[in-house]
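Down below is the structure, laid out as structure tokens.
The values are calculated or read from the model by the stated rules, or taken from the named source; none is laboratory data. Keep in mind it's a predicted model, so treat the numbers as computed, not measured. Neighbour counts are summed over all protein chains in view; Cβ atoms, including those assigned to glycine, are modelled from backbone coordinates with ideal geometry. In case anyone asks, the SASA skips ligands and DNA or RNA and just uses the protein heavy atoms, side chains included. Shrake-Rupley method; radii C 1.70, N 1.55, O 1.52, S 1.80 Å.
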Amino acid sequence: MKTITSTAIALVTAGAALAPQAHAQWAPSGPIEFIVTSGAGGGTDNFARMVQSIIAKHDLVEQPIIVSNKGGGSGAEGYVYAKAMGDDPHKLTFGTNNEYLLPHVARLGYKASDLNPVATLALDEFLIWVNAESPYQDAQSFIEAAKAAPGTLKFSGSQSKDTDQILVSMIQDATGAKFIYIPFQGGSAAGTQLAGGHVDGNTNNPNENVGQWRAGMIRPLCVFSDARLPEGPKVAGDMGWSDIPTCAEAGIPVDQYKMPRTVWTSPGVPEEATAYYADLMQKVYDTPEWKEYLANTSQTGTFLAGDDFRSFIESDEARVMKILEAEGWAVN
């Protein structure tokens, strides 16, 4: 019979004690910076701050989280900053599909492949909005007015050659109408311009225009979705999101247009850190607060990470590239 010595027992015990530490999951060891690629009050800013508040409420991370707005250059400022952070795993960047679209329309200090995709938590819907005092009661009358006087009606939007202007280009191609597109620094500013009557329409998502709609300053004409938005409480007067017709119903042959809300890590961050943040975003997505946020902003709840997220990027990029090339906006 073999005898186990006290020394052997001590070595086995020590090895067992060390094993969990050797395979411990990565976790942040200091404050985390949420880099927001838009100005304060925009959709990306609201997205990041909601994630921050849910993490704090449910104690999902032990470290504090700081939000920094870096929305210059249509969001490129934030992505260039994230690239410069190299292998710092305590930087998390919040954006949209502009992360991989911007390098196609401008020569910037980063490439889409410089950042690591973490997750998508939602898809933004897009609508045509007009000022409440405008004569346009439906999308068809708005389009007909633009066709009758080409290049006179003004669309405000977030950034240039980005999501909003791409959609305006799609509307023009589909209808034959011609608009003037005026870019602003974020969707919040674009909404303010419309509410003030300085432009004729915009293509904002629900979250960025809902306040002005509730206040009776603007009204929606149609939504670029293959189905009406879900039923819910009335938002303005006797109208709720589900009362807004789809743009296809309204005579604009653009079936749907959606924009992902995305999260990224810096280029040299180890895979285990990126995986940690993907798991963290899944925990946020599963909370009742996130579901309430989606309902309040009429975003479509969609969680994508890993290969699913990368496949989405590939197909979305290919679709939009056709428009960029047709407009002559592509630089590579």
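Per-structure values
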{"read-out": "Residue, nearest to D162 (Cα to Cα), within the range 233-247, restricted to residues that are surrounded by 18 or more Cβ atoms within 10 Å (Cβ to Cβ) and among the hydrophobic types (A, V, I, L, M, F, W, C)", "value": "C247"}
{"read-out": "Qualifying residue in the range 307-328 (condition: more than 30 Å from I35 (Cα to Cα) and among the aliphatic types (A, V, I, L, M))", "value": "yes"}
{"read-out": "All strands (runs of 3 or more DSSP E) inside the range 109-215 with 2 or more residues being basic (K, R)", "value": "none"}
{"read-out": "Residues satisfying the stated conditions in the range 248-258, i.e. open to solvent by 20 Å² or more (accessible area, probe 1.4 Å), at negative phi and not hydrophobic (A, V, I, L, M, F, W, C)", "value": "E249, P253, D255, Q256, K258"}
{"read-out": "Count - residues of the range 288-332 that are open to solvent by less than 50 Å² (accessible area, probe 1.4 Å), in a helix (DSSP H, G or I) and among the aliphatic types (A, V, I, L, M)", "value": "6"}
{"read-out": "Test result for A139, out of contact with any helix residue (DSSP H, G or I) (no Cβ under 8 Å at 6 or more places or on another chain), among the small types (G, A, S), open to solvent by less than 20 Å² (accessible area, probe 1.4 Å) and at pLDDT 95 or above", "value": "yes"}
{"read-out": "Whichever residue in the range 232-264 is of a type in the set (A, V, I, L, M, F, W, C) and in a loop (DSSP other than H, G, I, E, B) and, among such residues, is nearest to F34 (Cα to Cα)", "value": "V235"}
{"read-out": "Residue count, the range 217-226 (criterion: open to solvent by less than 50 Å² (accessible area, probe 1.4 Å) and not in a strand (DSSP E or B))", "value": "2"}
{"read-out": "Qualifying residues in the range 7-32 (those that are at pLDDT 50 or above and open to solvent by 20 Å² or more (accessible area, probe 1.4 Å)) - the one farthest from V61 (Cα to Cα)", "value": "A24"}
{"read-out": "Selected residue [surrounded by 20 or more Cβ atoms within 10 Å (Cβ to Cβ), aromatic (F, W, Y) and touching a Gly at 6+ places or on another chain (Cβ under 8 Å)] from Y277, Y285", "value": "Y285"}
{"read-out": "Top-ranked residue in the range 189-200 [being under 17 Å from G216 (Cβ atoms) and open to solvent by less than 10 Å² (accessible area, probe 1.4 Å); ranked as modelled with the lowest pLDDT]", "value": "G191"}
{"read-out": "Verdict on Y257 being within 26 Å of M50 (Cβ to Cβ), modelled with pLDDT under 95, of a type in the set (F, W, Y) and within 22 Å of the chain's Cα centre (by Cα)", "value": "yes"}
{"read-out": "Candidates V130, V168, V118, filtered to the one that is touching an Asp or Glu at 6+ places or on another chain (Cβ under 8 Å), aliphatic (A, V, I, L, M) and either open to solvent by 10 Å² or more (accessible area, probe 1.4 Å) or under 29 Å from L294 (Cβ atoms) (or both)", "value": "V130"}
{"read-out": "Residue selected from the range 205-216 under the condition in contact (Cβ under 8 Å) with a residue 40 or more places away in the chain and surrounded by fewer than 21 Cβ atoms within 10 Å (Cβ to Cβ), by the criterion nearest to L127 (Cα to Cα)", "value": "V210"}
{"read-out": "Unmet requirement for G73, which otherwise passes all of (1) surrounded by 16 or more Cβ atoms within 10 Å (Cβ to Cβ); (2) of a type outside the set (A, V, I, L, M, F, W, C); (3) at pLDDT 95 or above", "value": "(3)"}
{"read-out": "Unmet criterion (only one of (1) surrounded by 23 or more Cβ atoms within 10 Å (Cβ to Cβ); (2) over 23 Å from G95 (Cβ atoms); (3) not small (G, A, S)) for T262", "value": "(2)"}
{"read-out": "Enumeration of residues in the range 43-71 that are outside any strand (DSSP E or B), closer than 22 Å to G187 by Cβ and in contact with a Lys or Arg (Cβ under 8 Å, 6 or more places away or on another chain)", "value": "G43, T44, F47"}
{"read-out": "Tally, over the range 265-274, of residues that are open to solvent by 20 Å² or more (accessible area, probe 1.4 Å), out of contact with any Gly (no Cβ under 7 Å at 6 or more places or on another chain) and assigned to a loop (DSSP other than H, G, I, E, B)", "value": "1"}
